[in-house]
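Data first, discussion second: the structure below is written as structure tokens.
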Amino acid sequence: MARIFGYVRVSTKEQHIDRQIDELKKYVPDPSNIIVDKASGKDFDRPNYKALRQLSIKGDTIYVKSLDRLGRNKDKIKDELKYFKDKGVQVKILNIPTTMQDFSNCGPMQQSIMDMVNNILIEVLGTIAEQERRNIKRNQAEGIASAKARGKHLGRPSATYPDNWQAVYDEWKAKKITAKKAMELTGLKRTTFYSLVKKAEQK
């Protein structure tokens, strides 16, 4: 029996998936068949996408809200769409209306024309998705460079020494207390504790 899937992708954990899921629910009867990845669109090395790729069989249909949610590398997008087509799996992309129509009962000439239209739209939208990714990367690089130029610290805030650090550190180094006890006394997690130890011993 043919199955219907949905595929959702966001680039980061902070981005919301609700809008995509709500849209796909209009086409995917079983919400549990909506597959979600929180990963970059630069390639298709995404765990849930790869699972969907293997899980789908001839006669299945996959809905995606827009081409850039499938990916942001034009050539790889085209390769993936060809893979599904050769496998007999339909990929319907909501922002490419011609992929949403059923031309199975049309003649070879009509199907050929629609394939050509789809290919043109995929080429155009794929190019746009790829360019948007380049712009995002460029903007990120410019933002980082600007922040560094202003002396702004990037990444996680540096760990600071607790008030009782020196006393506890001395006790630990003298082997009067265990590392676990030192962490309890300073209120530090293991990674932070040893990070501060390394920092202290490099001075």
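Remarks
- The length gained by stretching the chain between Ile120 and Ala200 to full extension, at 0.36 nm per residue less their Cα-Cα distance, is 22.7 nm.
- Estimated inter-spin distance, Ala149 and Lys181, nm [label 7 Å along Cα→Cβ]: 5.4 nm
- At 1.002 mPa s and 20 °C, Stokes diffusion of segment 12-115 via Kirkwood alpha-carbon radius, µm² per second: 145 µm²/s
- Amide H contacts for Val8 (H built 1.01 Å from N in the peptide plane; partners 5 or more residues away or on another chain; cut-off under 5 Å): Ile35, Val36, Asp37.
- For Lys92, distant residues with modelled amide H under 5 Å away: Ile62, Tyr63, Val64
- Karplus 3J(HN,Hα) series, Hz, for segment 78-88 with 6.51 cos²θ - 1.76 cosθ + 1.60 (x for Gly, Pro): 4, 4, 5, 5, 5, 4, 5, 4, 5, 7, x
- Cβ-derived FRET efficiency at R0 25 Å, Arg138 paired with Phe84, nearest 0.05: 0.20
- Per residue, the accessible area of segment 1-74 comes to 55 Å², computed with a 1.4 Å probe over protein heavy atoms only.
The values are calculated or read from the model by the stated rules, or taken from the named source; none is laboratory data. Keep in mind that what you see is a predicted model, and the values were worked out from it rather than measured. Cβ sites come from the backbone with ideal geometry, for glycine too, and all protein chains shown count toward neighbours. Remember, those area values only see protein heavy atoms, side chains included, never the ligands or the DNA or RNA. Shrake-Rupley method; radii C 1.70, N 1.55, O 1.52, S 1.80 Å.
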